[in-house]
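A.B. asks: Here's a structure for you.
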Amino acid sequence: MDYSQLKNKRVLITGGLGFIGSSIAHKCVELGAQVTLLDGCLEPYGWNPYNIHEIRDQVRFIKGDVRDRSVLESTVPDHDIIFHMAAQVGREISMEDPILDVEANCHGMIHLLEVCRNLSPCPKILYAGSRGQIGEPITLPVDESHPENPTDIYGINKMAAERYLMLYGKVYDMPVVSLRLNNVYGPRCQMHAGFYGILNWFMSNAMTEIPITVYGEGSQTRDYVYIDDVVEAFLRAAISPVANQEVFFVGSGVETIFLDMVKEIVRAVGKGEITYIPFPESREKIDIKRFVVSTAKIQNTLGWTAKTNLREGIEATARYYKDCLKHYLEPKTSPSDG
Ligand SMILES: NC(=O)c1ccc[n+]([C@@H]2O[C@H](COP(=O)([O-])OP(=O)(O)OC[C@H]3O[C@@H](n4cnc5c(N)ncnc54)[C@H](O)[C@@H]3O)[C@@H](O)[C@H]2O)c1
């Protein structure tokens, strides 16, 4: 794919110190874009200065919260492309603190859209939607026409934010795209907690010899997609006008049994003890039994398909953390602005 048009493009990444944001940043820097990262450095999320240590001198960093309109008013203008990754990302957190979730995921999006609609030209906005918008599928594989019945507050607000995005796109003729991500894993994901990024969390357990706790029999299924493939999907969407005002699923298209994923981790790390416990009630009520997406739309429209199979992706992830796990387990200090 020819990404030469990204050279010198002014790119803003919200949530830019996190897993997906920082991975997009690395690729944009490599392609010669001028990259600004905006991140609130909020706990317990995946921001980590180590995620950008190789490119720290080539990016501008601004510490700021997307819930604050004035932060976006001062940061967003003069950018050509915005990757909006900042979010409250915990499903259980969203149930415990729904207002936080509304503020980060809905208000944050509306502030961004309100700032952008007054800009000429309007920057292209790429949003990270979620499989959580769908809830328990009625039919498999799930495609973009599948009804949305989220089972938690996070899913509802990710869905609402996507609808605001599409509404502004249509009413104000703005270039917007939503990529609904499946279970993303790989280098630069947080390794300190299991409330999201479960594959990485289990790998952290295996590496530090903490038992890997599987709820129930681990028979639920998921669609795991490797970070490099996700970055590629965002970049294709960013340079393709045909993606504007469209929603796409981004997944491997492979339905994987949860326990098989865990066994692949133990295999790649070379150690790891699996223990089984009953589903906690709070989790069972919001858990999804089976999930896999169809990638036909993104394949036909953008020519994107996931290239990395689960075994290769897990092995690459294990290689990454072998040398740097400590940077993901130690307390963090946010970088200074600039
Ligand atoms: N990782 C996945 O499997 C997955 C799946 C579906 C959707 N997504 C979406 O992808 C996006 C990125 O997720 P991630 O996995 O990189 O998570 P992450 O926790 O690694 O990154 C999120 C970043 O956003 C920042 N942030 C949170 N709230 C903020 C706020 N109010 N203002 C400014 N910054 C804030 C955090 O400090 C963090 O650095 C999110 O929108 C998430 O909902 C992720």
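The values are calculated or read from the model by the stated rules, or taken from the named source; none is laboratory data. As the structure is a computational prediction, the values presented were derived from the model and not from experiment. Ideal geometry is used to build each Cβ from the backbone, glycine not excepted, and the neighbour counts take in all protein chains shown.
A.B. asks: Determine if the stretch 199-210 includes at least one residue that is of a type in the set (Ser, Thr, Tyr), in a loop (DSSP other than H, G, I, E, B) and at pLDDT 95 or above. Spell out the reasoning first.
C.D. replies: The initial filter retains those residues of the stretch 199-210 that are of a type in the set (Ser, Thr, Tyr), namely 204, 208.
Right, trim to in a loop (DSSP other than H, G, I, E, B) and you get none.
The answer is no; no qualifying residue exists.
A.B. asks: Please verify whether GLU114 is more than 10 Å from the ligand (Cβ to nearest atom) and farther than 28 Å from HIS192 by Cα, treating the condition exactly as stated. Even if it seems obvious, please write down each step before you answer.
C.D. replies: On the way: more than 10 Å from the ligand (Cβ to nearest atom): yes; farther than 28 Å from HIS192 by Cα: yes.
Yes; evaluated as a whole, the condition is true for this residue.
A.B. asks: Scan the stretch 252-272 residue by residue and report those that are farther than 12 Å from LEU199 by Cα and of a type in the set (Asp, Glu).
C.D. replies: GLU255 - this is the single residue of the stretch 252-272 that is farther than 12 Å from LEU199 by Cα and of a type in the set (Asp, Glu).
A.B. asks: Under 7 Å by Cβ, and 6 or more places apart or on different chains, what pairs join a residue from the stretch 68-79 that is touching a residue at least 40 places away in the same chain (Cβ under 8 Å) and exposed (fewer than 15 other Cβ atoms within 10 Å of the Cβ) with one that is outside any loop (DSSP other than H, G, I, E, B) and of a type in the set (D, E, K, R)?
C.D. replies: Short answer, once both residue conditions are applied: ASP78/ARG10.
A.B. asks: Also, I was wondering about something else. Of everything in the stretch 70-105, what is within 10 Å of the ligand (Cβ to nearest atom), outside any strand (DSSP E or B) and under 20 Å from LEU12 (Cα atoms)? Give them in sequence order.
C.D. replies: Those that are within 10 Å of the ligand (Cβ to nearest atom), outside any strand (DSSP E or B) and under 20 Å from LEU12 (Cα atoms): VAL71, LEU72, MET85, ALA86, ALA87, GLN88, VAL89, ALA104, ASN105.
A.B. asks: Suppose we filter ASP57, ASP2 for residues that are charged (D, E, K, R) and either within 11 Å of the ligand (Cβ to nearest atom) or not in a helix (DSSP H, G or I) (or both); which single one remains? First the steps, then the outcome.
C.D. replies: Details: ASP57 fails: either within 11 Å of the ligand (Cβ to nearest atom) or not in a helix (DSSP H, G or I) (or both).
After applying the criteria, what remains is ASP2.
A.B. asks: For the stretch 31-39, state whether one or more residues are touching an Asp or Glu at 6+ places or on another chain (Cβ under 8 Å) and β-branched (Val, Ile, Thr).
C.D. replies: Pass one, the stretch 31-39, residues touching an Asp or Glu at 6+ places or on another chain (Cβ under 8 Å): none.
Taking every residue of the stretch 31-39 in turn, none turns out to be touching an Asp or Glu at 6+ places or on another chain (Cβ under 8 Å) and β-branched (Val, Ile, Thr).
A.B. asks: Please determine, by comparing only the residues of the stretch 157-198 that are away from the ligand (no atom under 13 Å from the Cβ) and of a type in the set (Val, Ile, Thr), which one is farthest from the chain's Cα centre (by Cα).
C.D. replies: VAL171
A.B. asks: Look at the stretch 308-338 and say how many of its residues are of a type in the set (S, T, N, Q) and either under 14 Å from ASN51 (Cα atoms) or touching a Pro at 6+ places or on another chain (Cβ under 8 Å) (or both). Step through it out loud before you land on a result.
C.D. replies: Step one: filter the stretch 308-338 for residues of a type in the set (S, T, N, Q), giving 308-309, 317, 333-334, 336.
Checking the rest, the ones that are also either under 14 Å from ASN51 (Cα atoms) or touching a Pro at 6+ places or on another chain (Cβ under 8 Å) (or both) come to 317, 333-334.
Looking only at that region, the number is 3.
A.B. asks: Check the stretch 136-151 and report whether any residue there is away from the ligand (no atom under 14 Å from the Cβ), over 28 Å from GLY16 (Cβ atoms), of a type in the set (Ser, Thr, Tyr) and touching a Gly at 6+ places or on another chain (Cβ under 6 Å).
C.D. replies: Yes, there is a match, as at least one residue in the stretch 136-151 is away from the ligand (no atom under 14 Å from the Cβ), over 28 Å from GLY16 (Cβ atoms), of a type in the set (Ser, Thr, Tyr) and touching a Gly at 6+ places or on another chain (Cβ under 6 Å).
A.B. asks: Within the stretch 17-38, can one find any residue that is modelled with pLDDT of 95 or more, in contact with a Ser or Thr (Cβ under 7 Å, 6 or more places away or on another chain) and part of a loop (DSSP other than H, G, I, E, B)?
C.D. replies: no
A.B. asks: Further, regarding this structure: What pairs come out if I take residues in the stretch 17-33 that are over 11 Å from PHE83 (Cβ atoms) and pair them with residues that are surrounded by fewer than 24 Cβ atoms within 10 Å (Cβ to Cβ) and among the polar types (S, T, N, Q) whose C-beta lies under 6 Å away, six or more apart or interchain?
C.D. replies: Matching pairs, first to second residue: VAL29/GLN58.
A.B. asks: Only one residue in GLY108, GLY129 is under 23 Å from THR221 (Cβ atoms) and within 14 Å of the ligand (Cβ to nearest atom), so which one is that?
C.D. replies: On the way: GLY108 fails: under 23 Å from THR221 (Cβ atoms).
None of the other options fit; the residue is GLY129.
A.B. asks: While we're looking at this one, here's another question. Of everything in the stretch 68-97, what is under 20 Å from LYS285 (Cβ atoms) and touching a Phe, Trp or Tyr at 6+ places or on another chain (Cβ under 9 Å)? Give them in sequence order.
C.D. replies: The initial filter retains those residues of the stretch 68-97 that are under 20 Å from LYS285 (Cβ atoms), namely 88-97.
Correct list: GLN88, VAL89, GLY90, ARG91, GLU92, ILE93, SER94, MET95.
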